[in-house]
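Chemist: This is the structure, below, for whatever I ask next.
The values are calculated or read from the model by the stated rules, or taken from the named source; none is laboratory data. Predicted, not measured: the structure shown is a model, and the values here were computed from it. Cβ atoms come from the backbone with ideal geometry, glycine included; neighbour counts cover every protein chain shown. When the accessible area is computed, the model is the full protein with side chains, heavy atoms only, and any ligands, DNA or RNA have been set aside. Shrake-Rupley method; radii C 1.70, N 1.55, O 1.52, S 1.80 Å.
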Amino acid sequence: MKEKEGKEKDIEKRFAALKGQVENLTKTAPENKLVMICFSGDLDKALASFIIATGAAAMGMDVVMFFTFWGTPLLRDKKKKVGGKDLLGKMFGAMLPKGVGKVKLSKMNMGGMGTAMMKSLMKKKNVASLEDMIALAAEMGVRIFICEMSMDLMGFQREEMIAYPNLTYCGVAKMLEEAQSSKVQFFI
Amino acid sequence: MKEKEGKEKDIEKRFAALKGQVENLTKTAPENKLVMICFSGDLDKALASFIIATGAAAMGMDVVMFFTFWGTPLLRDKKKKVGGKDLLGKMFGAMLPKGVGKVKLSKMNMGGMGTAMMKSLMKKKNVASLEDMIALAAEMGVRIFICEMSMDLMGFQREEMIAYPNLTYCGVAKMLEEAQSSKVQFFI
Amino acid sequence: MKEKEGKEKDIEKRFAALKGQVENLTKTAPENKLVMICFSGDLDKALASFIIATGAAAMGMDVVMFFTFWGTPLLRDKKKKVGGKDLLGKMFGAMLPKGVGKVKLSKMNMGGMGTAMMKSLMKKKNVASLEDMIALAAEMGVRIFICEMSMDLMGFQREEMIAYPNLTYCGVAKMLEEAQSSKVQFFI
């Protein structure tokens with residue numbers, strides 16, 4: 001009888017240990033999440049990232065897009081103006097595209113002709129425009145993060161960025177936190 | 001005796017619950033798989049992606065390459081001709097490289113001289129050419145997907161693409177499905 | 001009594017099987033590790049990769065940076081000179097940037113003016129320089145791998161690379177081995 005009780009206690013102990021291990025595995029298992037670093041300011045890469053983002057959201061994935069460096073100006077609102085910038089801020093403001101309507105193909109831009117051609121082609125082939133894809137992403141709950149350091153370096157102000165639900169301004173740590181618990185990551 | 005039976009039933013129940021959890025973890029654990037989005041049309045990035053692909057396959061990884069945007073024309077067969085294209089399709093066909101023999105370095109191309117230099121250097125150093133690497137990838141079971149939307153936008157027809165075992169034409173959803181269950185992902 | 005013993009043996013067996021499954025899951029679960037392929041030779045992408053690397057290390061992640069292709073010359077030491085190169089090696093040596101001080105922005109370089117502007121801006125905004133970030137990465141234990149094939153193709157010698165703790169020269173297999181067991185991967 002004693003031996004039996006010992007055995008029981010033993011299996012209880014081992015069971016609890018295994019349960020702890022399983023709980024730990026469950027806690028650290030990646031979530032069904034996609035994290036993209038949107039570094040590029042090119043039309044083609046921006047299109048690719050939003051096609052992937054909306055596609056993933058449609059499949060039920062949690063999607064985070066972290067806009068940084070040349071990707072940041074894509075999210076400027078062409079209709080918004082802000083004052084009070086210093087000289088460098090004004091220069092960056094003038095030289096970088098103001099919103100997705102102004103971005104160009106990384107190849108075959110040909111003074112804008114290639115970009116225009118691609119856009120007309122997309123319309124003809126019923127591929128949504130970048131503007132429409134951003135609206136779709138918003139509807140689908142795609143989360144957009146904007147890199148605070150890029151905002152600061154380029155002298156952008158929050159007031160000149162597009163309206164987007166729950167836009168988050170953050171640093172690399174927040175992006176990495178999301179990436180750590182995601183199944184898929186891309187640097188675009 | 002009753003208490004004992006209760007205990008037994010209890011551990012049976014808890015065991016079953018834990019087993020379910022473990023089965024779920026096993027089912028959702030990533031496979032030993034590499035998924036690469038081959039977006040670039042540059043010789044250097046194409047080389048990198050095939051070196052990684054064949055290296056991963058040699059290590060026993062399941063490898064999926066998803067060719068999209070500028071990566072798509074790399075898989076055109078230079079010896080194949082198709083008719084019946086509209087004007088834009090003809091323009092894209094003429095302006096984009098026809099197969100891997102025509103792609104250039106992203107830097108130091110120098111009117112083709114840098115690319116030629118790199119190719120002769122690769123030969124000298126016994127690095128396989130892109131053509132040979134594709135053949136090797138095919139032998140090793142690397143799976144190649146081609147983005148249907150890119151085919152459509154650029155007016156490419158399936159008849160002009162290279163012969164490759166089990167070439168799959170698909171959309172972003174199929175690529176994401178593979179990425180979701182993979183250990184490693186790269187956007188190149 | 002016999003039935004009881006049978007049950008006990010049965011649960012023991014099933015417990016052992018489940019334990020094996022859990023151990024296997026634990027063994028193959030990704031580590032808290034970030035693997036980056038640093039392919040690009042552009043200042044902006046190099047900055048991004050070191051900001052991510054040091055950020056991840058600060059969060060306790062194990063970080064591996066694999067420098068390949070155009071990323072390789074970033075790790076040359078500007079003060080080191082080596083002899084005995086053949087003609088192509090001398091050409092690559094002369095044409096590729098010698099260390100991080102010489103790299104340029106991928107956009108808005110404007111004959112060096114944009115790059116200089118960005119650097120002065122970084123100083124003003126208290127963003128560490130690339131040189132400082134490499135020193136910080138070294139202190140934080142970020143591991144740097146250099147692609148042997150790239151060294152060979154570009155004719156670089158180990159004697160001309162920067163001093164960095166535990167610099168590893170390796171091939172794609174070693175990089176993939178690290179990537180396989182990592183939570184996050186980026187191709188930059």
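Chemist: Against the definition (within 25 Å of B:K183 (Cβ to Cβ), of a type in the set (S, T, N, Q) and more than 14 Å from chain C (Cβ to nearest Cβ)), how does B:T72 come out, yes or no?
Modeler: Taking the combined requirement at face value, the residue does not satisfy it.
Chemist: For the range B:173-188, name all the residues that are free of Cβ contacts under 8 Å to residues at least 40 places away in the same chain and polar (S, T, N, Q).
Modeler: B:Q180
Chemist: All but one of (1) at the interface with chain B (Cβ under 10 Å from one of its Cβ atoms); (2) modelled with pLDDT under 90 hold for A:M59, so report the exception by its number.
Modeler: (2)
Chemist: Which of the residues belonging to the range B:9-23 are more than 10 Å from chain C (Cβ to nearest Cβ) and either surrounded by 13 or more Cβ atoms within 10 Å (Cβ to Cβ) or in contact (Cβ under 8 Å) with a residue 12 or more places away in the chain (or both)?
Modeler: B:R14 - this is the single residue of the range B:9-23 that is more than 10 Å from chain C (Cβ to nearest Cβ) and either surrounded by 13 or more Cβ atoms within 10 Å (Cβ to Cβ) or in contact (Cβ under 8 Å) with a residue 12 or more places away in the chain (or both).
Chemist: What's the total number of residues in the range C:109-159 that are farther than 21 Å from C:G93 by Cα and among the charged types (D, E, K, R)?
Modeler: Qualifying residue count for the region: 7.
Chemist: Restricting the range B:149-172 to residues that are more than 10 Å from every other protein chain (Cβ to nearest Cβ) and outside any loop (DSSP other than H, G, I, E, B), which is surrounded by the most Cβ atoms within 10 Å (Cβ to Cβ)?
Modeler: Per the criteria, the residue is B:M161.
Chemist: Residues that are away from every other protein chain (no Cβ under 11 Å) and touching a strand residue (DSSP E or B) at 6+ places or on another chain (Cβ under 9 Å): does the range A:112-125 have at least one?
Modeler: Within the range A:112-125, not a single residue is away from every other protein chain (no Cβ under 11 Å) and touching a strand residue (DSSP E or B) at 6+ places or on another chain (Cβ under 9 Å).
Chemist: Assess whether A:K98 counts as being surrounded by 13 or more Cβ atoms within 10 Å (Cβ to Cβ), part of a loop (DSSP other than H, G, I, E, B) and touching a strand residue (DSSP E or B) at 6+ places or on another chain (Cβ under 7 Å).
Modeler: Criteria met by A:K98.
Chemist: Also, quick follow-up: For residues that are surrounded by 13 or more Cβ atoms within 10 Å (Cβ to Cβ) and either of a type in the set (S, T, N, Q) or within 18 Å of the chain's Cα centre (by Cα) (or both), tally how many sit in the range C:104-130.
Modeler: 5
Chemist: Residue under question is A:G141, and the condition is that it be outside any helix (DSSP H, G or I), more than 30 Å from A:G84 (Cβ to Cβ) and open to solvent by 40 Å² or more (accessible area, probe 1.4 Å); does it hold?
Modeler: yes
Chemist: Take the residues in the range A:153-181 that are modelled with pLDDT under 95 and out of contact with any strand residue (DSSP E or B) (no Cβ under 7 Å at 6 or more places or on another chain); name whichever of them is farthest from A:G99 (Cα to Cα).
Modeler: Taking the candidates together, the pick is A:L153.
Chemist: A further question follows. When the range B:173-188 is examined, which residues are found to be more than 10 Å from chain C (Cβ to nearest Cβ) and open to solvent by 10 Å² or more (accessible area, probe 1.4 Å)?
Modeler: B:A173, B:K174, B:E177, B:E178, B:Q180, B:S181
Chemist: Looking only at the range C:69-87, filter to residues that are assigned to a helix (DSSP H, G or I) and modelled with pLDDT of 90 or more; which one of those is surrounded by the fewest Cβ atoms within 10 Å (Cβ to Cβ)?
Modeler: Selected residue: C:L75.
Chemist: Moving on to the next point. Residues being without any contact (Cβ under 8 Å) to a residue 12 or more places away in the chain and within 25 Å of the chain's Cα centre (by Cα): count how many of those fall in the range C:68-88.
Modeler: The qualifying residues number 1.
Chemist: Check off (1) open to solvent by 40 Å² or more (accessible area, probe 1.4 Å); (2) part of a helix (DSSP H, G or I); (3) within 14 Å of chain C (Cβ to nearest Cβ) for B:K90 and give me the number that stays unchecked.
Modeler: Condition not satisfied by B:K90: (3).
Chemist: Report yes if some residue within the range A:31-44 is at the interface with chain B (Cβ under 7 Å from one of its Cβ atoms), touching a residue at least 60 places away in the same chain (Cβ under 8 Å) and part of a helix (DSSP H, G or I); otherwise report no.
Modeler: yes
Chemist: Quick one: B:N32 ticks every box in (1) at pLDDT 95 or above; (2) open to solvent by less than 10 Å² (accessible area, probe 1.4 Å) except a single one, so which number is it?
Modeler: (2) is the only condition that B:N32 fails.
Chemist: Hey, another quick one. How many of the residues in the range C:121-160 are farther than 30 Å from A:F156 by Cα, of a type in the set (D, E, K, R) and in contact (Cβ under 8 Å) with a residue 24 or more places away in the chain?
Modeler: Of the residues in that region, 3 qualify.
Chemist: Applying the selection to the range B:99-111, what residues are in contact (Cβ under 8 Å) with a residue 24 or more places away in the chain and away from chain C (no Cβ under 11 Å)?
Modeler: B:G99, B:V100, B:G101, B:K102, B:V103, B:K104
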